[in-house]
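The values are calculated or read from the model by the stated rules, or taken from the named source; none is laboratory data. Keep in mind that what you see is a predicted model, and the values were worked out from it rather than measured. Here the Cβ positions follow ideal geometry from the backbone for every residue, glycine too, while neighbour counts run over all protein chains shown.
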Amino acid sequence: MVSENGRLMRAAVIHEYGDSSVLKNETAAVPEPGDDEVLVKVLYTSVNPMDWKMRAGYMKDFIHLKMPAILGIDVAGVVEKTGRSVKRFKTGDKVFGRASASRGGSYAEYTAVKEEQLARMPNNLQAREAAGLPVVAGTAWGALFEMANLKAGQRVLITGASGGVGLAAVQFARNAGAHVIGTTSGANAKLVKEMGANEVVDYTKGDFSKKVHDVDVVLDTVGGDTLSRACSVLKRGGVIVSLTGPVAPGVAEKLGITAKYSSVPSDGSRLEKIAKEIEAGRFRIVIDREFPLERIGEAHVLSESRKAKGKIIIKI
């Protein structure tokens, strides 16, 4: 493979959609950053559900991948080079943020990232932990504060509270002064409690909607029947934000609630706010397992099992 700048790198590449076996460790060209982009030497990345959904072809009608493609969204590393119009970063800066699989993702030694999608890494945060933040923490922050407008004193229910987004949301809601209720299995109840939940409901021991009531905000990370039941725990005037799909037509109007469904757009300025939480010692990332890039397929299998507690980290 010939590179525009004559440089090659290690990368996990897919040539077609399929199961985890389509991920191949190969040599690829080091990308050249555009005028508004930063070339990042990737130290760590992570696996998000969106990664394996793109790999399997579930999102091909929404996200176009030019094959061969390099997946990976989260990135933590060091600035290698900056585009001509980049002002906020310089070579050697430690950064974290969101790459783009359609442009060339972070399952590689280098990736080019838009300047606006990056933030400086807090001094008290290692790259290993920073790589688990952009998608889950950014999504949780945007859903709670930008979409649901969560305030101190409100009651918030977080479904799937032991997942990556759920654990981040529990901490952010706690820090904001909300009363936090999380649903999870009994095996993960202790972890969710340690992260700051005031109440933990074991969904394996009955319908959580029979135990929870008068909630101001729901953040649903699970979808399906869980989303339907979560609507019923809201007080009139409450807000539910779904990350998996829209609430069934007519339900919000019948219950007198506001239902929102949207992916939270990437934003480096949001990551800067999250970095301040980390610097103040009010937030930590929970890591389930770490894999080397050469075992990216195994990491995808674990993510697809939905049994990970926290983030799955990839060392480049």
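One table, with the values for the structure above:
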| item | result |
| --- | --- |
| Only listed residue being in contact with a Pro (Cβ under 6 Å, 6 or more places away or on another chain), touching a residue at least 24 places away in the same chain (Cβ under 8 Å) and hydrophobic (A, V, I, L, M, F, W, C), chosen from Ile313, Ile278 | Ile278 |
| Failed item, numbered, when Ile285 is tested on (1) of a type in the set (A, V, I, L, M); (2) under 30 Å from Val233 (Cα atoms); (3) modelled with pLDDT of 90 or more; (4) not in a helix (DSSP H, G or I) | (3) |
| Ser20 surrounded by fewer than 16 Cβ atoms within 10 Å (Cβ to Cβ), under 22 Å from Ser303 (Cα atoms) and assigned by TED's automatic domain parsing to the domain that holds Ile296 | no |
| Yes/no for Ala308 being at pLDDT below 95, outside any helix (DSSP H, G or I) and more than 15 Å from the chain's Cα centre (by Cα) | no |
| From Ser106, Ser21, residue being under 18 Å from the mean Cα position of the chain (by Cα) and either under 20 Å from Phe291 (Cα atoms) or polar (S, T, N, Q) (or both) | Ser106 |
| Scan of the stretch 129-159 for residues that are surrounded by fewer than 24 Cβ atoms within 10 Å (Cβ to Cβ), small (Gly, Ala, Ser) and outside any helix (DSSP H, G or I), ordered by number | Ala148, Ala152, Gly153 |
| Filter pass, Gly297 being small (Gly, Ala, Ser) and closer than 29 Å to Gly153 by Cα | no |
| Check on Gly177, surrounded by fewer than 24 Cβ atoms within 10 Å (Cβ to Cβ) and outside any helix (DSSP H, G or I) | yes |
| Number of the condition not met by Ile274 [criteria: (1) farther than 12 Å from Leu133 by Cα; (2) β-branched (Val, Ile, Thr); (3) not assigned by TED's automatic domain parsing to the domain that holds Ala197] | (1) |
| Qualifying residues in the stretch 126-176 (those that are more than 21 Å from Val212 (Cα to Cα) and free of Cβ contacts under 8 Å to residues at least 60 places away in the same chain) - the one farthest from the chain's Cα centre (by Cα) | Gln126 |
| Residue count for the stretch 180-190, restricted to those that are aliphatic (A, V, I, L, M), under 21 Å from Leu243 (Cα atoms) and surrounded by fewer than 24 Cβ atoms within 10 Å (Cβ to Cβ) | 0 |
| Answer residue from the stretch 188-235, given it is more than 13 Å from Ala161 (Cα to Cα) and part of a strand (DSSP E or B) and is nearest to the chain's Cα centre (by Cα) among those | Val217 |
| Positions within the stretch 223-249 being of a type in the set (Val, Ile, Thr) and either in contact with a Leu (Cβ under 6 Å, 6 or more places away or on another chain) or within 17 Å of Ala173 (Cβ to Cβ) (or both), in sequence order | Val233, Val239, Ile240, Val241 |
| Test result for Gly105, in a loop (DSSP other than H, G, I, E, B) and buried (at least 24 other Cβ atoms within 10 Å of the Cβ) | yes |
| Flag for Glu26 being farther than 19 Å from Ile312 by Cα and either surrounded by 14 or more Cβ atoms within 10 Å (Cβ to Cβ) or not assigned by TED's automatic domain parsing to the domain that holds Leu243 (or both) | yes |
| From the options Glu294, Glu304, residue that is touching a helix residue (DSSP H, G or I) at 6+ places or on another chain (Cβ under 8 Å), assigned by TED's automatic domain parsing to the domain that holds Thr27 and surrounded by fewer than 21 Cβ atoms within 10 Å (Cβ to Cβ) | Glu304 |
| Positions within the stretch 56-98 being in a loop (DSSP other than H, G, I, E, B), within 26 Å of Gln126 (Cα to Cα) and either under 20 Å from the mean Cα position of the chain (by Cα) or aliphatic (A, V, I, L, M) (or both), in sequence order | Leu71, Gly72, Ile73, Val86 |
| Qualifying residue in the stretch 218-232 (condition: out of contact with any helix residue (DSSP H, G or I) (no Cβ under 6 Å at 6 or more places or on another chain), among the β-branched types (Val, Ile, Thr) and crowded, with 24+ Cβ neighbours inside 10 Å) | no |
